[in-house]
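The values are calculated or read from the model by the stated rules, or taken from the named source; none is laboratory data. Bear in mind the structure is a predicted one, so any value in this text is a computation, not a measurement. Every residue, glycine as well, gets a Cβ built from its backbone with ideal geometry; the counts of neighbours run over all protein chains shown. Each accessible area value is taken on the protein alone, full model and side chains, heavy atoms only, with ligands, DNA and RNA left out. Shrake-Rupley method; radii C 1.70, N 1.55, O 1.52, S 1.80 Å.
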Amino acid sequence: MHRLRAGAGAQLTGRLRAVPRSLVHDLWTTAVDPPPRPHGPSLRDWIPAFLLPLVVGTVPLAVFSINTLVAQYGLDTRSALFLGLLQSVAFIAALYRPVLAWWAVTAVMIVVALTAQPQTGDASLPWTLSGIVVQAGVLLMMALRLRPRVGVEALVLSVLAGLVCAPEDLVHPAAPTRVAVAVLVAAVVIGVALRGRHVARTELVVQEERTARERGRRTLLEERNRIARELHDVVAHHMSVISIQAQVAPHLVEHPSDELKENLAGIRENAVDALTELRRVLGVLRSEDAVSAEARHSPQPTLDRLPELLDNVRGAGLKVTTELTGTPRPIPPGVDLSAFRIVQESLSNAMRHAPGTAVHVGIAYRPSCLAVRITNTAPDEPAPPPRDIAHGLLGMRERTAMLGGDFTNGTTPGGGYEVVAILPLEEPV
């Protein structure tokens, strides 16, 4: 028990010793600590708009303060002019340097309380009417621009300084003193609340942006994973063909040489090893797929199955027309698969986001590329915006970029939508 008390006492002593350092750090500086900046206008952006009205409104306040200090508090004209102008300048400077402004208005309050000679019974000390207004405004700005702890520290020191200047109010505070303290406390509370709300909203916006970026990154990875699975299927198919052809080739030649047999055996062995590795990787990629074994091992579609796809979407009620330009010819498997998937995703998007429209699918075989263009007319009613990031457009863009092609999408002049993919048929140099 004795050790616990000693430890608690040492901890309390350490905290008390740290108080002066904290006060010096917080209140002996010209820096400000604005809250995180949101996308919309912040307090700093609105300061220039408030500056001119504040300057105009401060002039009558300065005149009133100077007249009050002379008429009610018995100060000479020169002192009243200096203190009144200092209060007014501090009121404006609080927009940019609230700590310096607080020191200025606190010093004015102390000087007035110590040197004033009240001429009427309405002259309240240590705070004058204009002093309460200015000090409350400065404390409000401190609570908005700085951490809540700084505003509370300044409030406590202001109240203590005022009570020390009027010792009789320490035991039985007069009504003006109670009103002044209540106004100052209200200013700090309002400032802290507004700053906390601003910080909370800013953090919420940042969190929403971070969540959207993470969702987009996850969607991109999922789409790339799906594309990789399909391309693995294509490559595995061709590696199987190479292995079979290398095994059959020696039987197609009369009296094959030992060197030929050895080379073909090496080709088949390498093809089998590569196929084994591909199947191992493919098994990892497919481990999370919630599809049947038959679907997993079925061949990947190509443009040869495009009529079957169009018949299916026509059966679902979509009006589709096709146009084939150029002479069809064998194309690389990756291009063939990507072209089919782009058409498939575009038709799915049309049925989902533009039901009842007419869709046109154009396939153009060009000397160095395959051009795919899918357009739809304007829908009768605008479709609701999707809640999540669409996999379709992202997947089409990724497929085209993977092949070194160009992809564009957007609205047409008639209010419809189009997707255009240019897929090169040769490796880029």
What net charge do the residues around LEU309 carry, taking every other residue with its C-beta under 12 Å from that of LEU309, with Lys and Arg at +1 and Asp and Glu at -1?
-1
Order these peptides, 414-424, 145-155, by their mean beta-carbon neighbour count within 10 angstrom, highest first.
145-155, 414-424
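For segment 72-196, report the accessible area per residue in Å² (1.4 Å probe, heavy atoms, rounded to an integer).
Numbers: 5700 Å² over 125 residues.
On a per-residue basis, segment 72-196 sits at 46 Å².
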